[in-house]
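Worksheet: the structure to be examined is printed underneath.
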Amino acid sequence: MFSKKTVVSAGVIGLVILIMLVFSFHYLRRTLFMDAAGRAALFIVAPVQNIVATTIGFVDGIWENYFFLVSAARENEALRKRLAEAVGQVDACREIVIANERLREYVGLVNEIPYQTVAAEVISRDPSPWYRTLVINKGSDSGISKGCPVVLPDGIVGHVLTASSRYARVLLLIDRNCSVDALVQRTRARGVVEGTAGGRCLLNYMPRQEDVITGDIIISSGFDGIFPKGLSIGYVSKIIRRNTGLFQEIELAPFVDFERIEEVMVIINPQLHDLEVN
């Protein structure tokens with residue numbers, strides 16, 4: 001009926017078809033299982049991966065911010081140091097400008113007065129409330145000696161009390177042991193300017209009949225043997241005329257601010273009045 005060759009061929013074809021069906025079914029079954037398993041694993045693992053990724057990102061951000069903050073802190077510290085240096089330089093320049101302004105005033109004073117002067121810096125003050133003195137950094141090596149007048153462009157500061165080779169102590173005008181023979185510039189009335197225990201100045205021994213008013217300028221007369229004539233002292237700030245007594249009570253406001261003295265000029269060859277004896 002059928003030849004042997006035909007039967008064998010049909011068997012081979014059927015076997016191939018069967019094998020293909022078996023493998024297809026196995027692949028489909030495996031694929032469906034894997035898809036299900038993959039979906040289940042994805043459902044479980046995805047949130048965990050999200051948490052881990054978020055945590056890693058957060059830690060990484062903190063780490064980067066930490067290094068950024070450390071770098072910013074170092075940069076801020078460096079900027080603060082540079083700012084402090086710049087402020088220091090500005091302050092130094094400002095001090096130089098102020099010092100130059102004072103020196104220009106001193107140069108003007110030197111050009112105005114016909115005396116030989118020495119510039120000196122104030123290095124200390126007497127801490128005692130009973131004595132008004134200061135120490136300057138120039139002494140006998142610079143020609144300074146006891147009694148030399150000490151002035152500023154504003155007016156009289158005082159006179160040298162003692163002098164060593166490199167330093168000198170100055171008795172201030174507001175000390176009670178200091179006195180200057182003085183004139184009222186407007187009327188030429190004569191009195192004596194003296195310091196007080198309270199650090200003020202009084203114009204003493206001014207007769208009651210002399211014409212003195214508030215605001216009058218007081219200058220040195222040149223008759224005390226220390227201060228040359230014509231140096232500014234201060235102005236009259238208060239006058240008391242009592243019903244009794246020979247003299248007026250006159251209070252002065254000195255032109256010099258004794259709390260702000262930093263440098264002074266010392267006159268080392270004052271031209272005073274000489275008394276001729278015949």
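Odds and ends about this structure:
- Summing charges over all other residues whose Cβ lies under 11 Å from the Cβ of Ile226, with Lys and Arg as +1 and Asp and Glu as -1, gives -1.
- Relative compactness, region 223-270, computed as alpha-carbon Rg over 2.2 N^0.38 Å: 1.59
- Between Asn269 and Thr196, the simple spin-label model (points 7 angstrom out along Cα→Cβ) gives 4.0 nm.
- Neighbours of Ala120 by Cβ distance under 10 Å: Lys/Arg scored +1, Asp/Glu scored -1, total -1.
- Packing-based order for 228-238, 69-79, using average beta carbon neighbours within 10 Å, highest first: 228-238, 69-79
- Over the C-alpha trace of region 178-235, radius of gyration and Dmax come out as 10.7, 29 angstrom.
- For region 113-267, a Kirkwood hydrodynamic radius built from all Cα pairs, placed in the Stokes-Einstein relation at 25 °C and 0.890 mPa s, yields a translational diffusion coefficient of 156 µm²/s.
- Look at the alpha carbon pairs under 8 Å that are at least 6 residues apart: their mean separation over the length of region 177-253 gives a relative contact order of 29 percent.
- Other residues with beta-carbon under 10 Å from the beta-carbon of Gly191 carry, at +1 per Lys or Arg and -1 per Asp or Glu, a net charge of -2.
- Under a 5 Å amide H cut-off, with hydrogens placed 1.01 Å from N, Thr162 pairs with Arg169 among residues at least 5 apart or on other chains.
- Quarter of Cα convex hull surface for region 198-278, i.e. mean projection, nm²: 8.0
- The peptide list 125-138, 213-226, put in order of mean Cβ contacts within 10 Å with the highest first, becomes 213-226, 125-138.
- Size of region 133-209: Rg and Dmax of its alpha carbons, in Å, are 14.3, 48.
Just so you know, all these numbers are worked out from the coordinates, no wet-lab data involved. Please read all numbers here as calculations on a predicted model, not as lab measurements. Ideal geometry is used to build each Cβ from the backbone, glycine not excepted, and the neighbour counts take in all protein chains shown.
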